[in-house]
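Asker: Got a structure here, written out as structure tokens. Questions coming.
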């Protein structure tokens with residue numbers, strides 16, 4: 001157990017150090033030139049911190065929804081977050097370039113989840129199945145609207161939008177980190193404070209026997225997860241698979257109890273996200289980090305699907 | 001009940017008949033002289049036999065449309081791509097033609113056949129769309145296709161001359177080709193006077209949606225930089241493929257192009273001038289960007305390559321002015337103000353804009 005705890009502290013620490021010292025500009029940690037210090041301060045630190053923010057938000061968002069829905073194949077994107085964010089970004093590109101992509105992406109990402117939740121709420125109750133179905137409906141709606149907008153975009157806008165949607169940390173600035181990271185850390189703390197309720201929620205509707213208002217808490221957890229995810233993807237674009245992959249690895253390591261699972265998910269989330277970005281930095285050009293996480297995530301998830309059959313263990 | 005059944009079958013038959021008969025038709029092409037058949041070599045070296053002057057062309061490239069407008073042959077065009085509607089350099093008479101495609105592709109062959117074109121003009125860009133499909137389909141409908149290229153500066157007057165020949169506007173085409181070649185010669189003459197010690201190293205960045213796209217060495221803008229007497233620093237190839245734009249993160253740009261003397265930021269259809277101006281201010285105040293000599297010394301210039309009226313840096317006849325803009329941006333003391341060139345150019349070749 002001690003070894004696992006040490007590993008969960010060491011892994012993100014190593015990843016963060018690599019995030020700070022690896023890149024195309026020479027930055028020898030033993031002989032830092034003034035230029036290297038500037039590169040670390042102005043480029044690598046915000047990029048690594050955005051990686052930390054993305055790692056925490058996407059992983060915890062996925063972990064929470066998997067617990068609340070008692071389904072290992074659920075992530076924040078199934079509620080329409082990604083399609084809402086994509087549509088918001090496309091609106092910004094097509095009609096409001098002066099407004100910037102992030103605010104509209106954030107707005108539409110949250111709007112998508114609100115719509116899904118409103119649609120799924122029947123007689124004051126929100127069942128897991130109806131929420132997932134509503135998420136699929138909202139995703140389909142925003143995807144269709146996105147396709148419509150794509151028809152109106154000139155070729156260079158369209159290719160830029162497609163690349164943006166693949167997700168990247170290369171555009172991270174201190175300003176964006178300031179908007180994203182404090183919110184993500186606050187919401188992560190909220191999750192940690194609510195870890196016992198999350199444990200109870202993972203029992204499903206039986207949690208009502210413990211005196212929990214399951215429908216109210218389901219709504220609260222869904223919105224916190226969505227808000228957390230949107231706080232990241234509205235700045236970075238859609239980074240796939242982290243929210244699905246990381247909670248499973250964490251669960252394999254420390255089990256399903258949330259007082260241990262939350263720190264483990266945060267630790268692995270940071271490690272995966274920051275290391276994926278380090279890989280991107282070592283490749284030529286500016287390859288979207290979402291491609292790297294997908295390349296890692298898809299085979300892992302395929303393996304998981306075959307092992308569990310999509311059921312909850 | 002039976003009557004209703006007959007009624008329904010009747011409505012169905014009428015609908016089927018109507019669907020087969022109703023279509024779009026916007027014939028507006030006019031002959032300008034007696035037609036004759038000629039065989040021309042297009043810009044990719046294909047031999048194409050066309051009846052000239054072309055009277056009903058479908059043109060899927062906005063830059064080719066600009067050339068047609070310059071040649072005063074807009075009434076010989078019947079089909080355009082959707083993006084032509086957003087091009088500030090195109091007149092409303094061209095924008096009002098039937099939209100048959102988008103981004104170099106024909107999206108509605110039924111519309112194409114309805115407007116009965118005698119020629120299709122498109123760009124030979126195999127990476128962007130299925131060129132062979134377009135060629136095969138056009139051949140099956142008996143419509144000749146002329147393919148153009150937008151790679152090099154010298155292809156601009158060549159394209160104008162080819163289209164002049166096809167549309168029966170040789171005189172105007174020759175006039176423009178002469179003007180363009182004169183501009184190039186004048187720029188070359190100035191470039192030749194720049195001593196090698198003053199020769200500048202240049203990079204061009206097009207920021208789009210928070211990402212930096214480097215203009216690669218094979219782009220026509222990089223060629224223009226070399227033409228004005230500077231060295232273009234970016235020449236990137238990936239497994240034999242050389243894209244015209246390369247997305248690159250801030251750190252890689254700083255690490256690779258520290259010695260650049262001039263950094264040119266260019267606008268795009270997505271990134272308006274004000275956003276690029278903001279980026280310029282950010283770069284000038286950012287210590288990391290100051291690792292690049294050009295930023296440190298304040299040599300960042302914004303040039304326009306968007307869809308607006310002041311944009312001269314897209315592959316089109318406008319580059320006759322664009323090369324002067326680039327010259328002035330890199331060597332302000334060697335090149336004259338480009339605004340006068342722009343006025344003269346617009347008056348002569350884009351009269352509806354001036």
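Asker: Checking residue A:79 against (1) more than 14 Å from chain B (Cβ to nearest Cβ); (2) more than 30 Å from residue A:255 (Cα to Cα); (3) crowded, with 24+ Cβ neighbours inside 10 Å; (4) touching a residue at least 60 places away in the same chain (Cβ under 8 Å), which test does it fail?
Answerer: That leaves (2) as the condition not met.
Asker: Among the residues of region B:295-305, is there at least one that is modelled with pLDDT under 95 and either in a helix (DSSP H, G or I) or assigned by TED's automatic domain parsing to the domain that holds residue B:236 (or both)?
Answerer: Step one: list which residues in region B:295-305 are modelled with pLDDT under 95, which gives B:304-305.
Among the residues that remain, those that are also either in a helix (DSSP H, G or I) or assigned by TED's automatic domain parsing to the domain that holds residue B:236 (or both) are: B:304-305.
Within region B:295-305 (the criterion being modelled with pLDDT under 95 and either in a helix (DSSP H, G or I) or assigned by TED's automatic domain parsing to the domain that holds residue B:236 (or both)), the answer is yes, since at least one residue qualifies.
Asker: Which pairs turn up if I take residues in region A:106-118 that are modelled with pLDDT under 95 and look for partners that are assigned to a helix (DSSP H, G or I) and surrounded by fewer than 24 Cβ atoms within 10 Å (Cβ to Cβ) with beta carbon separation below 6 Å, at least 6 apart in sequence or on another chain?
Answerer: The qualifying pairs are A:116/A:134.
Asker: Ok, one more. Looking at region B:205-230, which of its residues are out of contact with any strand residue (DSSP E or B) (no Cβ under 7 Å at 6 or more places or on another chain), more than 12 Å from chain A (Cβ to nearest Cβ) and touching a residue at least 40 places away in the same chain (Cβ under 8 Å)?
Answerer: Quick first cut of region B:205-230, residues out of contact with any strand residue (DSSP E or B) (no Cβ under 7 Å at 6 or more places or on another chain) only: B:208-210, B:218-220, B:223-224, B:227-229.
When the remaining residues are screened for being more than 12 Å from chain A (Cβ to nearest Cβ), the result is B:218-220, B:223-224, B:227-229.
Selection gives B:218, B:220, B:223, B:224, B:227, B:228, B:229.
Asker: Would it be correct to say that residue B:233 is crowded, with 17+ Cβ neighbours inside 10 Å and either closer than 22 Å to residue B:127 by Cβ or within 14 Å of another protein chain (Cβ to nearest Cβ) (or both)? So that I can check it myself, show each step before the final result.
Answerer: Numbers: crowded, with 17+ Cβ neighbours inside 10 Å: yes; either closer than 22 Å to residue B:127 by Cβ or within 14 Å of another protein chain (Cβ to nearest Cβ) (or both): no.
Judged against the criteria, residue B:233 is not a match.
Asker: Taking the conditions exactly as written (surrounded by 15 or more Cβ atoms within 10 Å (Cβ to Cβ) and part of a helix (DSSP H, G or I)), does residue A:140 satisfy them or not? Walk me through it before giving the result.
Answerer: On the way: surrounded by 15 or more Cβ atoms within 10 Å (Cβ to Cβ): no; part of a helix (DSSP H, G or I): yes.
Criteria not met by residue A:140.
Asker: On to the next question. Considering each residue of region B:247-270, count those that are at the interface with another protein chain (Cβ under 7 Å from one of its Cβ atoms) and touching a residue at least 40 places away in the same chain (Cβ under 8 Å), and give that number.
Answerer: Total satisfying the criteria: 3.
Asker: A further question on this structure: Only one of (1) in contact with a helix residue (DSSP H, G or I) (Cβ under 7 Å, 6 or more places away or on another chain); (2) within 13 Å of another protein chain (Cβ to nearest Cβ) fails for residue B:279. Which number is that?
Answerer: (1) is the only condition that residue B:279 fails.
Asker: Within region A:151-192, count every residue that is within 30 Å of residue B:99 (Cβ to Cβ) and either more than 10 Å from chain B (Cβ to nearest Cβ) or without any contact (Cβ under 8 Å) to a residue 60 or more places away in the chain (or both).
Answerer: Narrowing region A:151-192 to residues within 30 Å of residue B:99 (Cβ to Cβ): A:151-166.
Now drop any that are not either more than 10 Å from chain B (Cβ to nearest Cβ) or without any contact (Cβ under 8 Å) to a residue 60 or more places away in the chain (or both), which leaves A:151-152, A:154-156, A:158-159, A:162, A:166.
Looking only at that region, the number is 9.
Asker: Does region A:204-216 hold any residues that are in contact (Cβ under 8 Å) with a residue 60 or more places away in the chain and out of contact with any strand residue (DSSP E or B) (no Cβ under 8 Å at 6 or more places or on another chain), and which are they? Don't jump to the end; show me each part of the working.
Answerer: Within region A:204-216, the subset in contact (Cβ under 8 Å) with a residue 60 or more places away in the chain is A:204, A:215.
Within region A:204-216, just A:204 meets the criteria.
Asker: With the structure loaded, tell me whether residue B:151 is buried (at least 20 other Cβ atoms within 10 Å of the Cβ) and in contact with a helix residue (DSSP H, G or I) (Cβ under 9 Å, 6 or more places away or on another chain) or whether it fails that test. Before the answer, list the steps.
Answerer: Values: buried (at least 20 other Cβ atoms within 10 Å of the Cβ): no; in contact with a helix residue (DSSP H, G or I) (Cβ under 9 Å, 6 or more places away or on another chain): yes.
Against the criterion (buried (at least 20 other Cβ atoms within 10 Å of the Cβ) and in contact with a helix residue (DSSP H, G or I) (Cβ under 9 Å, 6 or more places away or on another chain)), residue B:151 does not qualify.
Asker: Considering only helices (runs of 4 or more DSSP H) fully contained in region A:226-313, which possess at least 3 residues that are out of contact with any strand residue (DSSP E or B) (no Cβ under 9 Å at 6 or more places or on another chain) and within 14 Å of chain B (Cβ to nearest Cβ)?
Answerer: Fully inside region A:226-313 and qualifying: A:258-282, A:289-308.
Asker: Can you name the number of the only condition in (1) within 14 Å of another protein chain (Cβ to nearest Cβ); (2) farther than 30 Å from residue A:90 by Cβ; (3) surrounded by fewer than 21 Cβ atoms within 10 Å (Cβ to Cβ); (4) in contact with a helix residue (DSSP H, G or I) (Cβ under 9 Å, 6 or more places away or on another chain) that residue B:244 fails?
Answerer: (2)
Asker: Can you say whether residue B:314 is within 16 Å of the chain's Cα centre (by Cα), closer than 27 Å to residue B:157 by Cα and either touching a residue at least 60 places away in the same chain (Cβ under 8 Å) or away from every other protein chain (no Cβ under 14 Å) (or both), as far as the supplied structure shows? Don't jump to the end; show me each part of the working.
Answerer: Numbers: within 16 Å of the chain's Cα centre (by Cα): yes; closer than 27 Å to residue B:157 by Cα: yes; either touching a residue at least 60 places away in the same chain (Cβ under 8 Å) or away from every other protein chain (no Cβ under 14 Å) (or both): yes.
Yes: the conditions hold for residue B:314.
The values are calculated or read from the model by the stated rules, or taken from the named source; none is laboratory data. No experiment lies behind these values; they were computed from the predicted model shown. Here Cβ is always computed from backbone atoms with ideal geometry, including for glycine, and neighbour counts include all displayed protein chains.
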